[in-house]
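Below is one structure, written out as C-alpha cells, with a few remarks after it.
The values are calculated or read from the model by the stated rules, or taken from the named source; none is laboratory data. Since the structure is predicted, the reported quantities are computational estimates derived from the model, not experimental observations. Backbone-built Cβ (ideal geometry, glycine too); neighbour counts: all protein chains shown. Note: areas computed on protein heavy atoms with side chains; ligands, DNA, RNA excluded. Shrake-Rupley method; radii C 1.70, N 1.55, O 1.52, S 1.80 Å.
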Amino acid sequence: MLVPIVLRGARMLGVLLAVSVLSFLIVDFIPGDPAAAVLGSSATPEQIAQLHAEMGLDRPPVTRYVEWLAGVVTGDFGMTLIRPIEPVVDVVGAALPVTVELTVLAMLLSLVVGVPLGAWAAARSGTRTDTAITLSAFAALAIPVFVMGVIVIRLFVFLPDVVASGAMIVGGLGSALLVIGALRRRVPVPAGGWALRLLPAAVGILVFLTAPEFPRQGWVRLSDGWAANLQSAFLPALTLALGIIPVFIQLLRVDMAQTLQQDFILIARAKGLSEQHVVVREALRPSLFSLVTVAGLVTGGLLGGSVVVETMFGLPGLGRVIVQAIQAKNYPVVQVGVLVVAAIFLAINVVVDIAYHLLEPRIRRAHH
C-alpha cells in the first residue's frame with residue numbers, strides 16, 4: 001500500500017508545480033498593464049514604474065517565478081497590493097479556516113443524511129419509501145444553491161418555531177411509519193432495530209427542545225467559543241449540504257441496489273442473516289466507491305467554489321477573498337489562493353486513493 005501512495009504523492013507534487021506556474025502567470029495573462037490597473041487612471045508614470053519594480057515586472061518571467069516559488073517554499077508569500085498593505089499569508093491564513101470548517105461541516109451533514117437514506121432506498125427498492133426518497137432527492141437537486149440559501153434563511157432565521165415544530169412532527173410521523181411497517185411484516189425485530197425506528201422521533205423532539213437561534217450573517221471564530229462558532233457555521237453548511245445530499249443518495253442507491261443482487265448477498269441471506277446485517281455489514285462497503293470518488297471531488301470544489309454561500313451569509317472565506325482580490329486586482333492574493341486550493345484538492349485525491357485501498361482488499365493485492 002505504501003508504494004502506490006508514494007507514487008501518487010510524487011505525481012501530486014508534479015501537478016502542484018504545474019499549477020504554481022499557471023497561478024504565477026496570472027499577472028502576465030491579464031490584458032493591459034497590471035501596475036496601471038492596480039493604481040488606477042490617476043497614477044503617474046513614476047508611480048507605475050515604482051510598482052513595476054515592486055512587483056518585479058521589469059525582470060524576466062522565469063527569474064520572477066523562481067524567486068516567487070522560493071518565497072512560497074520558505075513561507076514568504078509576499079505582500080498585498082491593496083491597502084491595508086499586509087502579508088498575503090495573513091489574508092489567506094485568516095480565510096482558509098473558515099472555508100475548511102464550512103466544507104467539513106457540509107460534508108459531515110451530507111454523509112450523515114445521504115448515506116442512510118441512500119442505503120434505505122436501495123434496501124426498499126421499488127417500494128413507496130424508495131419512490132419518496134428518490135423524488136425528494138430529484139426535487140432538491142433542481143433547486144439552485146442561492147435559492148436554497150434564501151429558503152434556509154427564511155425558515156431558520158425568521159421562522160425558527162415553525163422549523164422546530166415541524167422537526168418534531170416529521171420525526172414522530174417517520175417513527176410511526178417505521179413501527180407500523182415492522183408490525184405489518186410480522187418479522188421479529190431485535191431491540192436495536194426498534195431503537196433505530198424510534199430514532200427519528202427522538203431527533204425531532206431533541207430539535208424541538210434545544211433548537212438555537214441562528215444569525216442571519218457573520219462568522220464567529222472557533223477561538224471565541226465553539227457553540228457560537230457552530231451557530232454561525234450551521235446554516236451555510238446546511239445550505240451547501242442540501243445540494244450534496246441528493247447526489248449521495250442517488251449514487252449510493254444505484255450502486256447498493258446492484259450490490260444487493262450479487263451472489264455473496266444471496267448467500268448471506270440464505271444463511272439466515274438479518275436484513276439489517278446484510279445491508280450494513282455486507283452490502284454497504286462494496287457500494288461506496290462512487291460515493292467516495294464524488295465526495296472527494298465535491299470537497300475540493302467546495303474549497304474554492306462556495307463563494308455564493310459565503311457571500312450570502314457574510315462569511316470571510318477563501319472563495320470570497322479570492323473573488324474580492326480578483327475584482328480589486330490584488331494579484332498576490334489570487335496567486336496564493338489558487339495555489340492553496342489546488343494543493344488541498346490534490347491532497348484530497350490522495351486521501352480518496354487511500355480510502356479505495358481500505359474499502360477494497362483486491363486493490364491492495366493488485367499492487368503487491
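Would you be able to say whether some residue in the stretch 76-92 is out of contact with any Cys (no Cβ under 9 Å at 6 or more places or on another chain), touching a residue at least 24 places away in the same chain (Cβ under 8 Å), within 30 Å of Gly243 (Cα to Cα) and open to solvent by less than 60 Å² (accessible area, probe 1.4 Å)? Lay out the reasoning, then the answer.
Here is the first cut: in the stretch 76-92, the ones out of contact with any Cys (no Cβ under 9 Å at 6 or more places or on another chain) are 76-92.
Restricting the remaining residues to those that are touching a residue at least 24 places away in the same chain (Cβ under 8 Å) gives 77-82, 88-89, 91-92.
Within this subset, residues satisfying the condition of being within 30 Å of Gly243 (Cα to Cα) are 91-92.
Retained after the next criterion (residues that are open to solvent by less than 60 Å² (accessible area, probe 1.4 Å)): 91-92.
Checking the stretch 76-92: at least one residue is out of contact with any Cys (no Cβ under 9 Å at 6 or more places or on another chain), touching a residue at least 24 places away in the same chain (Cβ under 8 Å), within 30 Å of Gly243 (Cα to Cα) and open to solvent by less than 60 Å² (accessible area, probe 1.4 Å).
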Exactly one of (1) at pLDDT below 85; (2) under 29 Å from the mean Cα position of the chain (by Cα) is unmet by Leu69. Its number?
(1)
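Taking the stated definitions as given, is Val254 at pLDDT 85 or above, open to solvent by 40 Å² or more (accessible area, probe 1.4 Å) and either over 18 Å from the mean Cα position of the chain (by Cα) or under 21 Å from His357 (Cα atoms) (or both)?
Details: at pLDDT 85 or above: yes; open to solvent by 40 Å² or more (accessible area, probe 1.4 Å): yes; either over 18 Å from the mean Cα position of the chain (by Cα) or under 21 Å from His357 (Cα atoms) (or both): yes.
Spelling it out, Val254 is indeed at pLDDT 85 or above, open to solvent by 40 Å² or more (accessible area, probe 1.4 Å) and either over 18 Å from the mean Cα position of the chain (by Cα) or under 21 Å from His357 (Cα atoms) (or both).
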Of all residues in the stretch 119-134 being of a type in the set (Gly, Ala, Ser) and in a helix (DSSP H, G or I), which is modelled with the lowest pLDDT?
Ala123
Conditions (1) closer than 30 Å to Ser232 by Cα; (2) open to solvent by 40 Å² or more (accessible area, probe 1.4 Å); (3) in a helix (DSSP H, G or I); number of the one not met by Ala95
(2)
Are any residues in the stretch 99-141 over 22 Å from Thr239 (Cβ atoms) and aliphatic (A, V, I, L, M), and if so, which ones?
Ala119, Ala121, Ala122, Ala123, Ala132
Pairs where the first residue, in the stretch 103-122, is without any contact (Cβ under 8 Å) to a residue 40 or more places away in the chain and the second is open to solvent by less than 50 Å² (accessible area, probe 1.4 Å), C-beta under 8 Å, 6+ apart
Trp120/Thr129; Trp120/Ile133
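Does Asp161 qualify as being charged (D, E, K, R), buried (at least 17 other Cβ atoms within 10 Å of the Cβ) and either at pLDDT 90 or above or in a helix (DSSP H, G or I) (or both)? Working first, answer last.
Details: charged (D, E, K, R): yes; buried (at least 17 other Cβ atoms within 10 Å of the Cβ): no; either at pLDDT 90 or above or in a helix (DSSP H, G or I) (or both): yes.
No, not satisfied.
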Among (1) in a helix (DSSP H, G or I); (2) of a type outside the set (Phe, Trp, Tyr); (3) over 13 Å from the mean Cα position of the chain (by Cα), where does Pro316 come up short?
(1)
